[in-house]
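Student: Just passing along the structure, written as structure tokens.
The values are calculated or read from the model by the stated rules, or taken from the named source; none is laboratory data. Please read all numbers here as calculations on a predicted model, not as lab measurements. All Cβ positions, even for glycine, are placed from backbone atoms using ideal geometry, and neighbour counts span all protein chains on display.
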Amino acid sequence: MSEDKKYEKSFGLDMPMDEAIKRIAKVTKKEVNKKEENTKVIKEGEEQLALFKNKGIRQVFHENEWHFSIVDVIEAITETDRPSKYWKNLKSKLIKKEELYELSNKIIKLEMKASDGKYYSTEVVNVETLFRIVQSIPSKKAEPFKKWLAKVGYERIQEIQNPEIGVKRAILQWQIEGRTEDWIDARIRSIVTRKELTNEWKNRGVQDKEYGYLTNIISCETFGIDVSTHKKVKGLKNHSLRDHMTDLELIFTMLGEKSTTAIAVSSDAQGLNENAEAAKAGGKIAGGAARTLEKKLGKRIVSSDNFLSGGNRISNPKQLALIPDKE
């Protein structure tokens, strides 16, 4: 277990990915505007043909997700004239390597229309499973296909129909960018904590426009700097700060926000002022833990590291001065 994982566990911030996505979906359902209830939804069993490099790939809508024909994808990526045999051999190799153990249960068969106009039982998978299969295919077209998949994999699906779709879209994009699984896990958990906090604020009379003010209170108490300064430390322009945080930054952000939520609930904070007090108290808890760890590490938790290429970084990122312990 990595050190970051140990800290997450000690703070009670660790949770399985499936649970995290379900919790995000639960809060998202509450966030979706009622105006979207009449949004046109995709019907179960609806089929469509998507083009990748002029190759047709069949997809069918099943259980609120697009599922893709595996043999169509293999034919498009490898240009083999025997995609079924290629898939049979690849599947056998993956099983022998025990790489398909988790995937095998996610491969399903659905009736799909073939080029002859008839319907045949076809092996299909959702976006996440297809991404993992494609990673096992040695082809120069694999990387372009992943980017294509990120665009078409969640097309037309609205959060009112599938509240998990937004976070799944983000996960796929992070995978394409090469983020580590540990980072993605931490980022997803941070989304859970954030959504549950803002939902609590909403229920306690805080206006959307006031969220930033409360967030800055938590940030100042946790890291000793506000969100704007934190972005300058990382050399960010108009980017999401949390998408560029390190694992530790995410962990302590989560701790501050989870503590704030717990305090707001226990004290029954109402309105901006009382929730500001809860935010200050929650941030102090995270800040105290952060200072303790910083002493052990001999360095600040706030880092200038980001995931931008050099050209996208501001020319003179702010240098962060050491902040003394608060008595």
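Student: Can you spot a residue in region 68-83 that is of a type outside the set (Asp, Glu), modelled with pLDDT under 80 and under 24 Å from the mean Cα position of the chain (by Cα)?
Tutor: Going residue by residue through region 68-83, those that are of a type outside the set (Asp, Glu) are 68-71, 73-74, 76-78, 80, 82-83.
Subsequent filtering for residues that are modelled with pLDDT under 80 retains none.
Looking through region 68-83, none of the residues is of a type outside the set (Asp, Glu), modelled with pLDDT under 80 and under 24 Å from the mean Cα position of the chain (by Cα).
Student: Based on what the data block shows, is VAL124 touching a residue at least 12 places away in the same chain (Cβ under 8 Å) and farther than 29 Å from LEU308 by Cβ? If you could, list the steps in order and put the result at the bottom.
Tutor: Details: touching a residue at least 12 places away in the same chain (Cβ under 8 Å): yes; farther than 29 Å from LEU308 by Cβ: yes.
Here the answer is yes, as VAL124 does meet what is asked.
Student: Considering each of ILE160, ILE225 in turn, give the residue that is part of a loop (DSSP other than H, G, I, E, B) and closer than 30 Å to LEU49 by Cβ.
Tutor: Numbers: ILE225 fails: closer than 30 Å to LEU49 by Cβ.
After applying the criteria, what remains is ILE160.
Student: Now for a different question. If a residue has to be buried (at least 21 other Cβ atoms within 10 Å of the Cβ) and among the small types (Gly, Ala, Ser) to count, how many in region 187-244 make the cut?
Tutor: 3
Student: Only one of these conditions is not met by THR246: (1) in contact with an Asp or Glu (Cβ under 7 Å, 6 or more places away or on another chain); (2) of a type outside the set (Gly, Ala, Ser); (3) on the phi > 0 side of the Ramachandran plot. Which number is it?
Tutor: It is condition (3) that THR246 fails.
Student: Looking at region 86-94, can you tell me whether even one residue there is touching a residue at least 12 places away in the same chain (Cβ under 8 Å), over 15 Å from GLU47 (Cβ atoms) and among the aliphatic types (A, V, I, L, M)?
Tutor: yes
Student: Right, something else. Regarding region 157-166, can at least one residue be identified that is hydrophobic (A, V, I, L, M, F, W, C) and more than 24 Å from ASP14 (Cα to Cα)?
Tutor: Within region 157-166, the first condition is being hydrophobic (A, V, I, L, M, F, W, C), and the residues that meet it are 157, 160, 165.
The next check asks that each one be more than 24 Å from ASP14 (Cα to Cα); those that pass are 157, 160.
Yes, some residue in region 157-166 is hydrophobic (A, V, I, L, M, F, W, C) and more than 24 Å from ASP14 (Cα to Cα).
Student: So, one more: Exactly one condition in (1) among the hydrophobic types (A, V, I, L, M, F, W, C); (2) modelled with pLDDT of 95 or more; (3) over 30 Å from PRO144 (Cβ atoms) is false for MET245; which is it?
Tutor: It fails just one condition, (3).
Student: Turning to a different aspect of this structure: Name the single residue, out of those in region 247-300 being buried (at least 23 other Cβ atoms within 10 Å of the Cβ) and without any contact (Cβ under 8 Å) to a residue 40 or more places away in the chain, that is nearest to the chain's Cα centre (by Cα).
Tutor: Looking at the filtered set, the residue picked out is GLY256.
Student: So HIS62 ticks every box in (1) free of Cβ contacts under 8 Å to residues at least 40 places away in the same chain; (2) surrounded by fewer than 17 Cβ atoms within 10 Å (Cβ to Cβ); (3) in contact with a Leu (Cβ under 8 Å, 6 or more places away or on another chain) but one. Which box is left unticked?
Tutor: For HIS62, the failing item is (1).
Student: Out of the residues in region 278-327 meeting the condition of being closer than 26 Å to SER259 by Cα and β-branched (Val, Ile, Thr), tell me which one is modelled with the lowest pLDDT.
Tutor: ILE323
Student: Here is a further query. Evaluate the following for TRP174: is it surrounded by 17 or more Cβ atoms within 10 Å (Cβ to Cβ), within 12 Å of the chain's Cα centre (by Cα), aromatic (Phe, Trp, Tyr) and farther than 18 Å from LEU103 by Cα?
Tutor: Details: surrounded by 17 or more Cβ atoms within 10 Å (Cβ to Cβ): yes; within 12 Å of the chain's Cα centre (by Cα): yes; aromatic (Phe, Trp, Tyr): yes; farther than 18 Å from LEU103 by Cα: yes.
It is true that TRP174 is surrounded by 17 or more Cβ atoms within 10 Å (Cβ to Cβ), within 12 Å of the chain's Cα centre (by Cα), aromatic (Phe, Trp, Tyr) and farther than 18 Å from LEU103 by Cα.
Student: If you don't mind, there's one more thing I want to ask. Using the structure shown, decide if LYS91 is at pLDDT below 90 and surrounded by 12 or more Cβ atoms within 10 Å (Cβ to Cβ). Walk me through it before giving the result.
Tutor: Values: at pLDDT below 90: yes; surrounded by 12 or more Cβ atoms within 10 Å (Cβ to Cβ): yes.
Answer is yes for this residue.
Student: Touching a helix residue (DSSP H, G or I) at 6+ places or on another chain (Cβ under 9 Å) and under 24 Å from GLY166 (Cβ atoms): does that describe LYS284?
Tutor: On the way: touching a helix residue (DSSP H, G or I) at 6+ places or on another chain (Cβ under 9 Å): yes; under 24 Å from GLY166 (Cβ atoms): no.
The answer is no for LYS284.
Student: THR193 - would you say it is out of contact with any helix residue (DSSP H, G or I) (no Cβ under 7 Å at 6 or more places or on another chain) and over 30 Å from GLN48 (Cβ atoms)?
Tutor: Values: out of contact with any helix residue (DSSP H, G or I) (no Cβ under 7 Å at 6 or more places or on another chain): no; over 30 Å from GLN48 (Cβ atoms): yes.
Taking the combined requirement at face value, the residue does not satisfy it.
Student: Condition first: in a loop (DSSP other than H, G, I, E, B) and touching a Lys or Arg at 6+ places or on another chain (Cβ under 9 Å). Now tell me which residues in region 77-118 satisfy that. Lay out the reasoning, then the answer.
Tutor: Going residue by residue through region 77-118, those that are in a loop (DSSP other than H, G, I, E, B) are 79-82, 97-103, 107, 114-118.
Passing the criteria: GLU79, GLU99, LEU100, GLU102, LEU103, ILE107, ALA114.
Student: Of all residues in region 132-157, count the ones that are in a loop (DSSP other than H, G, I, E, B), charged (D, E, K, R) and modelled with pLDDT of 90 or more. Steps first, answer last, please.
Tutor: Going through region 132-157, the residues in a loop (DSSP other than H, G, I, E, B) turn out to be 135-141, 153-157.
Applying the additional criterion that residues be charged (D, E, K, R) yields 140-141, 155-156.
When the remaining residues are screened for being modelled with pLDDT of 90 or more, the result is 140-141.
The number of residues fulfilling the criteria is 2.
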